[in-house]
Amino acid sequence: MTNKLRLGFVGANVRSHWASQSHFPALLASPDVELTAVCTTRPDSADEARKAFGAKLAFHDYRAMVASSAIDAVAVCVRVPLHYAPTKAAIEAGKHVYTEWPLGRDSTEAQELAALARAKGVQTAVGLQSRVSPVLVYMKELAEAGYLGELLSCHAVCMRDGPLERPSSRTWQRAAELGANTLTIANGHVIDALRFVAGDFARVACVVSTQAPQWYETDTKRLVDVTSPDNVLVSGRLVRGAVASVHVAAVPWAGIGYRMDLYGREGTLVVTGEVSSQRGEMLRLQGAQRSHELRELDIPDRYTWVPPGFPRGDPFNVGQMYALFAEAVRTGHNRLPTFDTALELHRFLDTIKQAADTGRELSVT
C-alpha cells in the first residue's frame with residue numbers, strides 16, 4: 001500500500017443517488033484514500049466517471065478492475081441484489097473490501113462473503129455508518145460509563161418518506177426477495193444503532209407489515225404490486241434486562257425523522273435527527289441526570305476521524321468509514337463494522353421476520 005489507500009469503486013456512475021450524495025464527495029475530500037479506479041457497466045459511463053472524479057483508471061467489468069495491481073481495495077456501492085458478485089470477486093483477488101449495507105440480499109450471501117473474507121485475511125467494512133457517528137459513539141460511551149445508571153427502557157423510532165408514487169426506475173425495490181426494503185435498510189440501520197449503543201436483544205416479538213401493497217409508476221401510469229415490508233415494529237428485552245421497542249416505517253407524507261431514547265435509573269439520553277441514525281447530518285444529543293430537564297451535550301472531538309473542514313451532511317459519516325478503513329488496511333487493527341458485524345445483523349433480521357411470521361416471541365441467538 002502507498003501513502004494513500006488506492007481504491008477501486010464499483011458503481012461509480014456520476015448520477016448514482018446515494019454514492020453521489022455521500023461516497024464521491026467523501027472520497028474527493030479524504031486525505032487517506034485515493035479514488036484510483038472507477039467501474040460502471042458501460043465504457044462511456046465509466047470514462048465519464050473517470051473524468052469527473054479524476055481517477056486514473058476506468059473499467060466496465062468489475063472482474064478486470066479487481067484484478068488490477070493498481071488498487072489496494074474495492075468499494076461496492078450498487079443495488080443490493082448486485083452486492084454479492086463484485087464483493088466476492090474482490091475478496092478472491094485479495095483486495096480489502098468496503099460494501100454498502102445490506103452486505104447481501106440475505107443472510108446466506110452474507111455468511112458466504114464473511115467466511116471468504118476471513119479465509120483470505122482481507123480487511124472488510126460494511127456501510128453501517130451509525131457505528132462511526134461521533135454522536136452515537138459518545139452516547140455509547142456515556143451509557144457504558146454509568147451516565148444512565150441501570151438501563152430500564154429504550155425506544156427508537158424512524159418515520160421516513162416512502163412515496164406511493166415514483167418512476168419505474170425506482171420501483172425495483174418492491175420485491176421483498178431482493179433484500180432492499182424497510183426491514184433490511186431503514187430498520188437495519190436504526191435497530192443496529194440501538195444495539196450498538198444499548199446492547200443486543202435477548203428476546204423479540206415483531207410485526208413486519210406491507211401497509212401499501214401497490215405503488216403507482218408515474219411514467220408508465222400503472223399500479224405495481226409490492227411485497228416489500230414498509231412497517232417494522234419490534235418489542236422485546238435486551239440482554240442487559242432493559243425493555244426495548246423500535247418502530248421504523250416508510251410513510252407517504254411528512255415523516256418525522258429519527259429519535260432514540262434511553263431511560264435509566266440515574267438519567268436519560270435522547271438523540272434526534274431529521275432522517276435516520278446513519279445519515280451524516282449532525283445528530284443532536286441531549287441528556288439529563290436526576291433531572292426532568294434535558295440539556296444539550298457537546299460531542300468530544302476525539303470521535304471525529306476526518307480532518308477539519310470535511311464536508312458535512314451525508315459525506316461525513318462515510319468519510320469516517322473511509323478513514324478507519326485506511327487505518328485497518330495500514331495497521332491491521334479494524335475498528336469498523338465488518339462483514340462479521342453485517343452477518344450478525346442479517347441473522348437478527350431473520351429472527352425479526354420469523355417472529356412476525358409465526359406471531360411468537362423468539363429468543364435471539
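Every number in this text was worked out from the coordinates using simple rules, so none of it is lab data. Predicted model only: the values in this text are computed from it and were never measured. In this analysis, Cβ positions are derived from the backbone assuming ideal geometry, glycine residues included, and neighbour counts consider all displayed protein chains.
Brief remarks follow.
- Equivalent ellipsoid dimensions for the range 229-365 as semi-axes, Å, which come from the Cα gyration tensor, largest first: 28, 23, 17
- Entry note, the chain: the mean residue ellipticity at 222 nm calculated from DSSP H runs of n ≥ 4, each adding -39500 (n - 2.57), is -9000 deg cm²/dmol after division by the residues and rounding to the nearest 500.
- Close amide H pairs (under 5 Å, H built 1.01 Å from N) link ALA75 with GLY8, PHE9, VAL10, TYR98, residues at least 5 positions away or on another chain.
- Cα point-scatterer Debye curve for the range 212-282, base-10 log of I(q)/I(0) at q = 0.23 Å⁻¹: -1.16
- The range 164-222 and the range 225-282 have Cα centres spaced 14 Å apart.
- When trypsin sites (Lys or Arg not before Pro) are flagged only if DSSP places them in a loop and at most 16 other Cβ atoms lie within 10 Å, the longest unflagged stretch of the chain comes out as 80-220.
- Each distinct pair of alpha carbons in the range 278-332 adds a 1/r term; the inverse of their mean, the Kirkwood radius, is 13.3 Å.
- Taking amide H as placed 1.01 Å from N in the peptide plane, the amide H of GLY127 sits under 5 Å from that of THR99, GLU100, TRP101, each at least 5 places away or on another chain.
- The range 1-77 pair-distance distribution - Cα-Cα, 5 Å bins, rounded %: 3, 19, 31, 28, 15, 4, 0
- Under the Debye formula (equal points on every Cα, no solvent term), log10 I(q)/I(0) of the range 1-40 at q = 0.22, 0.23, 0.30, 0.33 Å⁻¹: -0.67, -0.72, -1.06, -1.16
- Chymotrypsin sites (Phe, Trp or Tyr not before Pro) restricted to DSSP loop in the range 171-264 with at most 12 other C-beta within 10 Å: TRP253
- Rg and Dmax [Cα atoms of the range 18-57; Å; Rg one decimal, Dmax integer]: 10.1, 29
- Calculated on alpha-carbon atoms, Rg and Dmax of the range 104-150 in Å: 15.9, 42
- Here the 3J(HN,Hα) profile of the range 55-70, calculated from phi with Karplus coefficients 6.51, -1.76 and 1.60 at θ = phi - 60°, is 6, 7, 10, 10, 10, 10, 9, 4, 5, 5, 5, 5, 7, 6, 6, 7 Hz, Gly and Pro shown as x.
- Note on the range 93-195: Kirkwood hydrodynamic radius from all Cα pairs is 16.5 Å, rounded to one decimal.
- Each residue of the range 168-185 was assigned a 3J(HN,Hα) from its phi angle through the Karplus expression (A = 6.51, B = -1.76, C = 1.60, θ = phi - 60°), giving 4, 5, 10, 9, 4, 6, 5, 8, 4, 5, 7, x, 10, 8, 4, 4, 7, 8 Hz with x at Gly and Pro.
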